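Here is the structure we will look at, set down as structure tokens.
The values are calculated or read from the model by the stated rules, or taken from the named source; none is laboratory data. Everything quoted here is computed from the prediction, not taken from an experiment. Glycine gets a Cβ as well: all are built from the backbone with ideal geometry, and neighbour counts include every protein chain shown.
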Amino acid sequence: MSVQSDESTPKRQETEPVNGAQPESADDLERLRAELAEIEQKADEYLRLAQRTQADFINYRRRVDEERAQQARDATVSFLQRLLPILDDFERALANATPADLESSWGRGVQLVERNLRGLLAAEDVQRIPAEGAEFDPREHEALGRQPSPDVPEGHVLHVVRQGYKKGDRVIRPAQVIIASRPE
């Protein structure tokens with residue numbers, strides 16, 4: 001069987017539009033290329049804007065997380081500052097108790113509460129600031145006065161009036177001290 005071409009159907013010519021598009025001139029082609037370049041430029045600009053926005057959001061979240069952590073640390077320090085006078089009261093009570101008082105059930109109870117309070121502070125990494133005999137450091141000590149002393153070098157802590165505490169490197173409460181001066 002041979003296939004005959006139907007002369008009645010026109011053959012497609014090279015200049016005939018494909019899919020209904022009109023042939024483009026060189027000017028139209030340049031215009032389309034310019035539009036494409038402009039669209040690509042806008043797309044790049046939008047991409048950079050989206051990347052900057054994403055980086056800003058990441059920085060914002062990091063900053064908020066840091067602020068929350070700092071607020072939590074500040075709240076802990078504030079709580080500890082309110083707790084320290086209670087420890088001072090327990091220390092004064094135990095220092096002024098007689099040996100008989102300390103052996104009574106009441107005395108043992110007070111000692112237990114004081115020990116538990118110290119354990120709580122130790123668990124929070126709260127330590128006493130070493131002061132007795134140490135060189136005066138205004139970052140850790142609060143000078144209440146001076147007193148002449150032949151035994152303690154000048155500028156060193158002669159006596160601790162109130163214990164100071166710190167959590168890590170942060171001073172919660174400075175030690176109140178009397179500083180030694182030269183004997184007159």
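I need the full set of residues from segment 163-184 which are assigned to a strand (DSSP E or B), among the small types (Gly, Ala, Ser) and out of contact with any Leu (no Cβ under 6 Å at 6 or more places or on another chain), in order please.
As a first pass, look at segment 163-184 and keep what is assigned to a strand (DSSP E or B): 165-167, 170-173, 175-181.
Okay, now just the ones that are also among the small types (Gly, Ala, Ser), so 175, 180-181.
Selection gives 175, 181.
Conditions: (1) among the charged types (D, E, K, R); (2) surrounded by 11 or more Cβ atoms within 10 Å (Cβ to Cβ); (3) not assigned by TED's automatic domain parsing to the domain that holds residue 81. Residue 139 meets all but one. Number of the miss?
The single condition residue 139 does not satisfy is (2).
Residue-wise test of (1) assigned by TED's automatic domain parsing to the domain that holds residue 143; (2) free of Cβ contacts under 8 Å to residues at least 24 places away in the same chain.
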site: 81; (1), (2): no, no
site: 88; (1), (2): no, no
site: 94; (1), (2): no, yes
site: 101; (1), (2): no, yes
site: 113; (1), (2): no, yes
site: 117; (1), (2): no, no
site: 131; (1), (2): yes, no
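For segment 103-144, enumerate the residues that are farther than 18 Å from residue 174 by Cα and in contact with a helix residue (DSSP H, G or I) (Cβ under 7 Å, 6 or more places away or on another chain).
Within segment 103-144, 107, 110, 111, 113, 114, 117 qualify.
Go through 62, 68 for me and flag whichever is assigned to a helix (DSSP H, G or I) and within 30 Å of residue 174 (Cα to Cα).
Values: 62 fails: within 30 Å of residue 174 (Cα to Cα).
Just one listed residue meets the conditions, 68.
So which residues in segment 162-184 are under 36 Å from the mean Cα position of the chain (by Cα) and surrounded by fewer than 14 Cβ atoms within 10 Å (Cβ to Cβ), if there are any at all?
168, 169, 170
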